[in-house]
């Protein structure tokens, strides 16, 4: 079921277009090499701050869209929440950007035409459209559930309406769609469309709720986590979270190379940010799990 | 004009002086996606421990001006999995491998060294002395010359004679030269410096420490002047001991600075997080810099900054022109 990782490349890309989408920014970058290797769910690591910057870590952004124009372009969506993303938001057409990608394990796609519900929280929905496109090409039915705190933070509602058989929107302040969270409406959507699988991306809290709903309905759920990363290529060991392996043992796995896509029920959402006592190698006894 | 970039770690020859820093190159396979690891001097593994370690909780990393705070907590698979999977993978590809080891007691270091003894593909062993000493109220070995020397002596005693033992020193000590001298007296064949000094940052939004562990190791160009000072002092005190210099090397110029201060090899760490090709780029830039100064051997520029002010730099041609 898991797809094999592809070899990433480093590309100095040229910014083609920049646009502001409500509360978010979107950059389209000419990045040949990344585009032909892209599968839905991949992300890129973007160096920020220019050549003599004091910001040493790459910022990871899931790929929203790829197009074959100009030898291949990738588009990613981000919110400004620090000096690095503020610098990115200041990029203009024809500026250059240093990208590494595509990174991570992409979404596994079902072999048969099944009913899929795509759940996106905040700008996490950006990565879902490429998945939805691939699913529809396989004859799958796709329905969207998108939500955020307010209307300007729901990303891609228009596109979801165009692509999906149905689209349900939620905002916590009621400014768009239903008042509440995606997890409030998800059970109804799953029941209505007789969903076979759920694909989700968004903040950790959303993914935890979505997984709980999917587990209740006993259907598989694929989540793409947004854990903070420094390198994106698997060497810095900072983006770990507790995930249960095929052998039943919990390990602290890197969301950049073992993820960002996981089976939702395997991620121990309640223990994210901690080392569970029974994790492999946990202080005080976890190592007893070995052999 | 090409430069002879070969360098020596004890009696072990490295094709060039650029190595990766411990804990910054994963298991090797991650970087091998980008370039042939055989083209760098050596790969240093993360610190291998006896048992698997899950490490510290997240967040483990915080970006600081020109630096990076990290508290990973030596997450790793343990020595069994390392010897079963990671080391053979490196050995099959003939990648020169410096194995870093970490432990909480002298006995644990010794046991690790014994396990590595029979394993093929160990170019050198780097002893990570910046681990808390369980038997001494969690005081870090590297703070104390005697504790460091005890670890080095016991590792040296069990390690095969042809595998150099490298002591990795921390700048968080009263006098790094004292610790360096103690390690060399204990049998260290080479020294590497510096390990991350401890730092801290506080998130003013949450009003809590940025790292789950509170404090963390500071790396990146922010620590480079500190690292160059350590290399300089130790080289001045122990001119015959090979030194692997590290701390915020981002460019060939930075590597050259360490070489001039007296390092015979330079490790690249944090730069790898930003640029997976950093090692090869730094190696190329370093070679160009050495060539631009008119030298044909790296060995001729090691520690050159220690010459008295005003002294002329001696080239190899000086020897050839001698009437003797």
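The values are calculated or read from the model by the stated rules, or taken from the named source; none is laboratory data. This is a predicted model, so every value here is computed, not measured. Here the Cβ positions follow ideal geometry from the backbone for every residue, glycine too, while neighbour counts run over all protein chains shown.
Among what's in the range B:284-294 and is surrounded by 15 or more Cβ atoms within 10 Å (Cβ to Cβ) and either within 14 Å of another protein chain (Cβ to nearest Cβ) or closer than 11 Å to residue B:5 by Cβ (or both), pick the residue that is farthest from the chain's Cα centre (by Cα).
B:290
Condition first: in contact (Cβ under 8 Å) with a residue 60 or more places away in the chain and in a loop (DSSP other than H, G, I, E, B). Now tell me which residues in the range B:16-32 satisfy that.
Correct list: B:16, B:17, B:21, B:22, B:23, B:24, B:25, B:27, B:28.
Please go through the range A:143-155 and give me each residue that is free of Cβ contacts under 8 Å to residues at least 60 places away in the same chain and crowded, with 24+ Cβ neighbours inside 10 Å, ordered by number.
A:144, A:145, A:146, A:147, A:148
Taking strands (runs of 3 or more DSSP E) that do not extend beyond the range A:205-291, which have at least 1 residues that are within 22 Å of residue B:27 (Cβ to Cβ) and within 10 Å of chain B (Cβ to nearest Cβ)?
A:240-244, A:250-254
Yes or no, residue by residue, for (1) away from chain A (no Cβ under 14 Å); (2) touching a strand residue (DSSP E or B) at 6+ places or on another chain (Cβ under 8 Å); (3) modelled with pLDDT under 95:
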| residue | (1), (2), (3) |
| --- | --- |
| B:217 | no, yes, yes |
| B:226 | yes, no, no |
| B:232 | yes, no, no |
| B:258 | yes, yes, no |
| B:273 | no, yes, yes |
| B:277 | no, yes, yes |
| B:282 | yes, yes, no |
| B:315 | yes, no, yes |
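What number of residues within the range B:1-31 are crowded, with 19+ Cβ neighbours inside 10 Å and more than 10 Å from chain A (Cβ to nearest Cβ)?
Of the residues in the range B:1-31, 10 are crowded, with 19+ Cβ neighbours inside 10 Å and more than 10 Å from chain A (Cβ to nearest Cβ).
Please go through (1) in contact with a strand residue (DSSP E or B) (Cβ under 9 Å, 6 or more places away or on another chain); (2) farther than 29 Å from residue B:198 by Cα for residue B:85 and return the number of the only condition it doesn't satisfy.
(1)
Taking residue A:76 as the residue in question, decide whether it is buried (at least 21 other Cβ atoms within 10 Å of the Cβ), under 20 Å from the mean Cα position of the chain (by Cα), touching a residue at least 40 places away in the same chain (Cβ under 8 Å) and within 29 Å of residue A:152 (Cα to Cα).
Answer is yes for this residue.
Quick check: is even one residue across the range B:76-86 within 9 Å of chain A (Cβ to nearest Cβ) and buried (at least 24 other Cβ atoms within 10 Å of the Cβ)?
Yes, some residue in the range B:76-86 is within 9 Å of chain A (Cβ to nearest Cβ) and buried (at least 24 other Cβ atoms within 10 Å of the Cβ).
Spot the failing condition for residue B:118; the list is (1) surrounded by fewer than 23 Cβ atoms within 10 Å (Cβ to Cβ); (2) at pLDDT 90 or above; (3) farther than 25 Å from residue B:60 by Cβ, and only one is missed.
For residue B:118, the exception is condition (2).
Out of A:181, A:162, I need the residue that is within 20 Å of the chain's Cα centre (by Cα) and farther than 20 Å from residue A:41 by Cβ. Which one?
None of the others qualify; the one that does is A:181.
Residue A:202: outside the structural domain of residue A:41 (by TED's automatic domain parsing), modelled with pLDDT under 90 and either under 23 Å from residue A:257 (Cα atoms) or surrounded by 16 or more Cβ atoms within 10 Å (Cβ to Cβ) (or both), yes or no?
no
Would you mind telling me which numbered condition in (1) free of Cβ contacts under 8 Å to residues at least 40 places away in the same chain; (2) part of a helix (DSSP H, G or I); (3) touching a strand residue (DSSP E or B) at 6+ places or on another chain (Cβ under 8 Å) residue B:146 fails?
It fails just one condition, (3).
So, residue B:63, is that one away from chain A (no Cβ under 14 Å) and free of Cβ contacts under 8 Å to residues at least 24 places away in the same chain or not?
Judged against the criteria, residue B:63 is not a match.
Under the condition of being part of a loop (DSSP other than H, G, I, E, B) and closer than 22 Å to residue A:159 by Cβ, which residue from the range A:32-70 is farthest from the chain's Cα centre (by Cα)?
The residue in question is A:68.
I need the full set of residues from the range A:192-244 which are more than 27 Å from residue B:211 (Cβ to Cβ) and without any contact (Cβ under 8 Å) to a residue 12 or more places away in the chain, in order please.
Result: A:218, single match.
Got a sec? Which of A:85, A:28 is surrounded by 15 or more Cβ atoms within 10 Å (Cβ to Cβ) and either in the same structural domain as residue A:195 (by TED's automatic domain parsing) or assigned to a helix (DSSP H, G or I) (or both)?
A:85
Might you let me know whether the range A:236-252 holds any residue that is surrounded by 21 or more Cβ atoms within 10 Å (Cβ to Cβ) and more than 23 Å from residue A:103 (Cα to Cα)?
The answer is yes; a qualifying residue exists.
Kindly indicate whether residue A:133 is over 20 Å from residue A:204 (Cα atoms), touching a helix residue (DSSP H, G or I) at 6+ places or on another chain (Cβ under 9 Å), at pLDDT 90 or above and in a helix (DSSP H, G or I).
Against the criterion (over 20 Å from residue A:204 (Cα atoms), touching a helix residue (DSSP H, G or I) at 6+ places or on another chain (Cβ under 9 Å), at pLDDT 90 or above and in a helix (DSSP H, G or I)), residue A:133 qualifies.
Looking only at the range B:36-58, count how many residues are farther than 16 Å from residue A:232 by Cβ, facing chain A (nearest Cβ under 10 Å) and in contact (Cβ under 8 Å) with a residue 24 or more places away in the chain.
So the answer is 8.
Tell me, yes or no, whether the range B:76-93 has at least one residue that is without any contact (Cβ under 8 Å) to a residue 24 or more places away in the chain, over 18 Å from the mean Cα position of the chain (by Cα), part of a loop (DSSP other than H, G, I, E, B) and closer than 23 Å to residue B:111 by Cα.
Checked the range B:76-93: no residue is without any contact (Cβ under 8 Å) to a residue 24 or more places away in the chain, over 18 Å from the mean Cα position of the chain (by Cα), part of a loop (DSSP other than H, G, I, E, B) and closer than 23 Å to residue B:111 by Cα.
Answer with yes or no whether residue B:174 is out of contact with any strand residue (DSSP E or B) (no Cβ under 7 Å at 6 or more places or on another chain), at negative phi and part of a loop (DSSP other than H, G, I, E, B).
yes
Take the residues in the range B:219-249 that are free of Cβ contacts under 8 Å to residues at least 40 places away in the same chain and more than 22 Å from residue B:71 (Cβ to Cβ); name whichever of them is surrounded by the fewest Cβ atoms within 10 Å (Cβ to Cβ).
Within the range B:219-249, the match that is surrounded by the fewest Cβ atoms within 10 Å (Cβ to Cβ) is B:240.
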